Amino acid sequence: MEQDEGILAARRGYLSSDFRFFNLQDTQEIKFEPHFHDFYKIVLFISGNVTYFIEGTGYKLKPGDMLLINQYAIHKPVIDSTVPYKRMILWFQPGFLQKYNETACDLLTCFEWARQHKCNLLRLPLLLQQKMQYLFAQLHDTCQDKDFGDEVLRISLLLQVLVHLNRAATEIPTGAALADREYDEMICRVLAYIDANITEDLAIEKLASRFFLSKYYLMRKFKYYTGYSIHRYVLQKRLLAANQLLRAGQPVMAACLDSGFRDYANFTRAFKKMYGCSPKKYHS
């Protein structure tokens, strides 16, 4: 079940099963490109010298830290290759949890908490850190074997991880992680504006004028905190929006316009490049 995260990331977050587990270690220089997934991701950081950027905010990680990465959130780690980068990762489809959710027990609550508080890092108390490391170690062991009931055991371990993370998200103050958070308030405001106005004119000149910034200052800061140029970031967000609209059953032309594209040919070309098929084929 273990594969190289960099190879998988390049496949635009491809996940064919309900969930997957990875136990990874990098000991050579690897530059991860900004990427996203159409599923949810949990990272247990073991060791290394890593700053993990998620939607424009960088988190300087400490051993035992947990990262909650939402569906479609753009992210990338920046690693010091002189120190081995060790982590355990869980990927899972949101629909997979529906049969386990109850009215008072939505297992995606911790991800909504992360989105609302703009804080993707959970820095757990020592006893809970040890508990999570034990559960992840058990997941690793079950992924190596093919014994009776292993799949059931893996699911039960994943559910335990999510229950503990949801409890922690509601109990641990966000300030516990803020000391090691790197961000720029202005860039956060720009990102929020883009997300809220995806159908508007989001040209660099327009954004710089709106936020009273030099165009070149904005471009440089934006690239540093997101890994993207503004043009590429806006394009990715519009394609993600179109993807969700098409999944919801919206007609292709309406999805094109409602995600901010003004030229259907450009939309089709960009969509096919990103998803490997035309929006019409994807919609059907």
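The values are calculated or read from the model by the stated rules, or taken from the named source; none is laboratory data. These numbers come from a predicted model, not from an experiment. No Cβ is skipped: glycine too gets one built from the backbone with ideal geometry, and neighbour counts run over all protein chains shown. For the accessible areas, the whole protein counts, side chains as well, though only heavy atoms, and no ligand, DNA or RNA atoms are used. Shrake-Rupley method; radii C 1.70, N 1.55, O 1.52, S 1.80 Å.
Sub-6 Å Cβ pairs linking a first residue in region 180-197 that is more than 16 Å from ASN120 (Cα to Cα) to a second residue that is outside any strand (DSSP E or B) and of a type in the set (S, T, N, Q), at least 6 apart or interchain, number zero. Here ARG189 clears all of (1) over 21 Å from PHE19 (Cα atoms); (2) open to solvent by 60 Å² or more (accessible area, probe 1.4 Å); (3) in a helix (DSSP H, G or I); (4) at pLDDT below 90 except the condition numbered (4). Look at (1) of a type in the set (Val, Ile, Thr); (2) open to solvent by 50 Å² or more (accessible area, probe 1.4 Å); (3) within 25 Å of the chain's Cα centre (by Cα) and you find that ILE194 fails only one, number (2).
Taken over region 90-113, the residue count meeting the criterion of being of a type outside the set (Asp, Glu), more than 26 Å from SER47 (Cα to Cα) and in a helix (DSSP H, G or I) is 8. THR170 falls short on exactly one of the conditions (1) part of a loop (DSSP other than H, G, I, E, B); (2) β-branched (Val, Ile, Thr); (3) open to solvent by 70 Å² or more (accessible area, probe 1.4 Å), and that condition is (1).
Check whether at least one residue in region 99-120 is free of Cβ contacts under 8 Å to residues at least 40 places away in the same chain, more than 21 Å from ASP195 (Cα to Cα) and among the β-branched types (Val, Ile, Thr), and report yes or no. Yes, region 99-120 contains a residue that is free of Cβ contacts under 8 Å to residues at least 40 places away in the same chain, more than 21 Å from ASP195 (Cα to Cα) and among the β-branched types (Val, Ile, Thr).
Among the residues of region 249-284, count how many are without any contact (Cβ under 8 Å) to a residue 40 or more places away in the chain, part of a helix (DSSP H, G or I) and among the acidic types (Asp, Glu). Break it down stepwise before answering.
Within region 249-284, the subset without any contact (Cβ under 8 Å) to a residue 40 or more places away in the chain is 249-256, 261-273, 276-284.
From what's left, part of a helix (DSSP H, G or I): 252-256, 264-273, 279-283.
Narrowing the set further to residues that are among the acidic types (Asp, Glu) leaves none.
Here the count works out to 0.
Within region 48-70, the set of residues being without any contact (Cβ under 8 Å) to a residue 40 or more places away in the chain and touching a helix residue (DSSP H, G or I) at 6+ places or on another chain (Cβ under 9 Å) comprises just one member, PRO63.
One residue stands out in region 63-89 among those that are assigned to a loop (DSSP other than H, G, I, E, B) and among the hydrophobic types (A, V, I, L, M, F, W, C): the one that is most open to solvent (accessible area, probe 1.4 Å), namely VAL83. The single condition among (1) part of a loop (DSSP other than H, G, I, E, B); (2) touching a strand residue (DSSP E or B) at 6+ places or on another chain (Cβ under 8 Å) that LEU44 does not meet is (1). For region 139-155, which residues satisfy the criterion of being part of a helix (DSSP H, G or I) and open to solvent by 60 Å² or more (accessible area, probe 1.4 Å)? Once the filter is applied, which keeps residues that are part of a helix (DSSP H, G or I) and open to solvent by 60 Å² or more (accessible area, probe 1.4 Å), region 139-155 yields ASP141, GLN144, GLU151, VAL152, LEU153. Mind checking whether some residue in region 123-134 is in contact (Cβ under 8 Å) with a residue 40 or more places away in the chain, over 21 Å from TYR40 (Cα atoms) and surrounded by 13 or more Cβ atoms within 10 Å (Cβ to Cβ)? Among the residues of region 123-134, at least one is in contact (Cβ under 8 Å) with a residue 40 or more places away in the chain, over 21 Å from TYR40 (Cα atoms) and surrounded by 13 or more Cβ atoms within 10 Å (Cβ to Cβ), which makes the answer yes. Among residues of region 23-44 that are farther than 30 Å from ALA242 by Cβ and surrounded by fewer than 18 Cβ atoms within 10 Å (Cβ to Cβ), those with a beta-carbon under 6 Å from a residue that is polar (S, T, N, Q) and modelled with pLDDT of 85 or more at least six positions away or on a different chain give the pairs GLU29/SER81.
Being open to solvent by less than 40 Å² (accessible area, probe 1.4 Å) and within 30 Å of GLN130 (Cα to Cα): is that true of VAL161 here? So that I can check it myself, show each step before the final result.
On the way: open to solvent by less than 40 Å² (accessible area, probe 1.4 Å): yes; within 30 Å of GLN130 (Cα to Cα): yes.
Answer is yes for this residue.
Kindly check whether there is at least one residue in region 220-243 that is more than 21 Å from the chain's Cα centre (by Cα) and either surrounded by fewer than 17 Cβ atoms within 10 Å (Cβ to Cβ) or not in a helix (DSSP H, G or I) (or both).
Initially, region 220-243 is screened for residues more than 21 Å from the chain's Cα centre (by Cα), giving 220.
Remaining after also requiring either surrounded by fewer than 17 Cβ atoms within 10 Å (Cβ to Cβ) or not in a helix (DSSP H, G or I) (or both): 220.
Yes: region 220-243 contains one or more residues that are more than 21 Å from the chain's Cα centre (by Cα) and either surrounded by fewer than 17 Cβ atoms within 10 Å (Cβ to Cβ) or not in a helix (DSSP H, G or I) (or both).
When residues in region 199-219 are screened for being in contact (Cβ under 8 Å) with a residue 40 or more places away in the chain and surrounded by fewer than 19 Cβ atoms within 10 Å (Cβ to Cβ), 2 of them pass.
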